[in-house]
Amino acid sequence: MQTPSHASDQVLIGGTWRAAAGGQTLPLINPSDGSPLAAIARGTAGDIDAAVQAAQAALDGDWGRFTAAERGRLLMKMSALVLQQVDELARLEALDVGKPLKQGRADAIALARYLEFYGGAADKLHGQTIPFANGYTALTLREPHGVTGHIVPWNYPMQIIGRSVGAALAMGNACVLKPAEEACLTALAFGHIAQQAGLPAGALNIVPGLGEEAGAALTAHPGVAHLSFTGSVAVGRLVQAAAARHTIPVTLELGGKSPQIVFADADLDAALPFLVNAGIQNAGQTCSAASRILVERPLFDEVLARMAQRYRSLRIGPALDDPDVGPLISARQRDVVQGYLAIARDTGLAVAAQATLPDTLPRGGCYVAPTLLAPATADHRLAQEEIFGPVQVVMAFDGEAEALRIANGTAFGLVAGVWTRDGGRQFRMARQLKCGQVFINNYGAGGGIELPFGGVKQSGHGREKGFEALYGFSTLKTIAIKHD
Ligand code: NAD
């Protein structure tokens, strides 16, 4: 067993690491070979209650007295510590998530950048003065919500913690973080980094555990003033319903079926790496994965041939070998993806190219051969549903109107990419795509610390990343002073 550097089977509550109240643990499995990796605490409602109380105590105590500049400095310190530990964090993510080392390194560097960005922004969010009646001065103040709950998935723990916990701390909230039961070693490492940087006890509490236990308890807790949830649509709905019961705001960052749209005038050499990488990065387990490639008919054969060539050359392997594509997170997720490939087979959706799984792969690993499917129709199940694996569908279109109809024709609306040299079309497409982010002649799957991010339709609501997140993690107070 390759153990992490700190004990992993504990919760962090009020500045103290201890066993979960129920004394139970959950196993973490290394998806690269199926071996037991570590045990994590199985936090339950009692731990969540203690964590919320510790967070409130921090707000009423030292943490609540930090100035904005002091919070910013502390986040900068955390950022510097993350940068010192990039290799170790990438190693943990490789073991835990099955993420190839260079992708884990990129996530760790992104975490550091989030902390730097929000550290720098902490004292820059000003209120306003408002012209009002004679004899009054009216103004607005940005205030923290109070205790914020953060429920994160296993696919990008470091980036998602950076963008949600980083922004929440910058605004002066105290956080309770519930990492995913499938992977949470970097979330726990983040807790140690926060302590090392001097974050006051209780400002960040971490309670690993099952979604239906620790997660549900966090969403139901009356002491929580805001919830940030990143995960599946089904659980997002539960979280929103729980938030409604005590009328608190919730940010939902859910799934996607994001298109990249390639027009016949596109710079194909520039587009090609993005077309494939945004589909297979993290073995396709990316909310903003470009899982649909739409190609204007004159270029269809060429794009497909060149993508197919790239697929055939992909290196698959254990995450610590730093391949192009590692395993999926779990045997369950592998079965889901294989189920979709079976649907493709049964419905005549052709395999245009498939990478080869080497014979040397560890037997217990959760590998699926990256697969390119084409030509697909826009209404095919695999062109409509989020697969969350290294599978892309390619389809042809004729003209802008059809491209828009196909691109907007799913239940999701997270990200879209458009490849065209026509300036007018760039703006027309950007304005008419129904999603939260549009990339023109580039595509950032998961990237863009400075760029507000979030979805429409079933991809969720609310925005994280960028300066926008600071509005989400704060509430506005209006003050009207009568002075004569
Ligand atoms: P999931 O919804 O199963 O789990 C996400 C988190 O929710 C985990 O921490 C889990 O323990 C918790 N949870 C589960 N049941 C819960 C409950 N009843 N109450 C409270 N919390 C509960 O999602 P997943 O399979 O881990 O992640 C994959 C999904 O996340 C995909 O749909 C993906 O697109 C989405 N995602 C979205 C973004 C984004 O920013 N939009 C980023 C990453 C992943």
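Do we find that A203 is away from the ligand (no atom under 12 Å from the Cβ) and either open to solvent by less than 20 Å² (accessible area, probe 1.4 Å) or β-branched (V, I, T) (or both) in this structure?
Taking the combined requirement at face value, the residue satisfies it.
Each row is one residue, and each column tells you yes or no for (1) surrounded by fewer than 17 Cβ atoms within 10 Å (Cβ to Cβ); (2) within 16 Å of the ligand (Cβ to nearest atom); (3) at pLDDT 95 or above; (4) more than 23 Å from I280 (Cβ to Cβ).
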| residue | (1), (2), (3), (4) |
| --- | --- |
| T420 | no, no, yes, yes |
| G424 | yes, no, yes, yes |
| F427 | yes, no, yes, yes |
| Q432 | yes, no, yes, yes |
| I449 | no, yes, yes, no |
| F453 | no, yes, yes, no |
| Q458 | no, yes, yes, yes |
| K465 | no, yes, yes, no |
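Taking V415 as the residue in question, decide whether it is more than 17 Å from the chain's Cα centre (by Cα) and either within 16 Å of the ligand (Cβ to nearest atom) or crowded, with 16+ Cβ neighbours inside 10 Å (or both).
So V415 fails the test.
I need every pair where a residue in segment 361-374 that is within 17 Å of L314 (Cα to Cα) and of a type in the set (G, A, S) has its Cβ under 8 Å from the Cβ of a residue that is open to solvent by 10 Å² or more (accessible area, probe 1.4 Å) and assigned to a loop (DSSP other than H, G, I, E, B), sequence separation at least 6 or different chains.
Here the result reads A369/T356; A369/L357, each pair linking segment 361-374 to a residue that is open to solvent by 10 Å² or more (accessible area, probe 1.4 Å) and assigned to a loop (DSSP other than H, G, I, E, B).
Could you grab me the full set of residues in segment 249-289 that are open to solvent by 20 Å² or more (accessible area, probe 1.4 Å) and within 14 Å of the ligand (Cβ to nearest atom)?
The answer is V250, Q281, C287.
Taking only segment 290-302 into account, find how many residues are crowded, with 24+ Cβ neighbours inside 10 Å and under 19 Å from N441 (Cβ atoms).
Selection size over segment 290-302: 5.
Does A342 fit the bill of being open to solvent by less than 30 Å² (accessible area, probe 1.4 Å) and without any contact (Cβ under 8 Å) to a residue 12 or more places away in the chain?
Here the answer is yes, as A342 does meet what is asked.
Name the pairs: first residue in segment 252-278 and more than 21 Å from Q309 (Cα to Cα) and among the basic types (K, R), second residue open to solvent by 20 Å² or more (accessible area, probe 1.4 Å) and assigned to a helix (DSSP H, G or I), Cβ to Cβ under 8 Å, at least 6 apart or on different chains?
Cβ pairs passing all conditions: K257/Q384.
Does I406 qualify as being within 30 Å of E143 (Cβ to Cβ) and either out of contact with any Cys (no Cβ under 7 Å at 6 or more places or on another chain) or without any contact (Cβ under 8 Å) to a residue 12 or more places away in the chain (or both)?
Considered against the rule, which asks whether it is within 30 Å of E143 (Cβ to Cβ) and either out of contact with any Cys (no Cβ under 7 Å at 6 or more places or on another chain) or without any contact (Cβ under 8 Å) to a residue 12 or more places away in the chain (or both), I406 comes out as no.
Can you go through R421, R428 and tell me which one is in a helix (DSSP H, G or I) and out of contact with any strand residue (DSSP E or B) (no Cβ under 7 Å at 6 or more places or on another chain)?
Exactly one of R421, R428 is in a helix (DSSP H, G or I) and out of contact with any strand residue (DSSP E or B) (no Cβ under 7 Å at 6 or more places or on another chain), namely R428.
Those residues that are within 14 Å of the ligand (Cβ to nearest atom) and either farther than 18 Å from G43 by Cβ or hydroxyl-bearing (S, T, Y) (or both), I need them from segment 151-188; list them, please.
N155, Y156, M158, Q159, I160, G162, R163, S164, A167, T186 - these are the residues of segment 151-188 that are within 14 Å of the ligand (Cβ to nearest atom) and either farther than 18 Å from G43 by Cβ or hydroxyl-bearing (S, T, Y) (or both).
For the subset of segment 69-94 comprising residues that are of a type in the set (G, A, S) and open to solvent by less than 30 Å² (accessible area, probe 1.4 Å), which member is farthest from D322 (Cα to Cα)?
Selected residue: G72.
Say we look at segment 467-484 and pick out the residues that are in a loop (DSSP other than H, G, I, E, B) and within 21 Å of G72 (Cβ to Cβ); which of these is farthest from the ligand (Cβ to nearest atom)?
The residue in question is F467.
The values are calculated or read from the model by the stated rules, or taken from the named source; none is laboratory data. On a predicted model such as this, the values are computed, not experimentally measured, just so you know. Cβ atoms come from the backbone with ideal geometry, glycine included; neighbour counts cover every protein chain shown. SASA here: full protein model, heavy atoms, side chains in, ligands and nucleic acids out. Shrake-Rupley method; radii C 1.70, N 1.55, O 1.52, S 1.80 Å.
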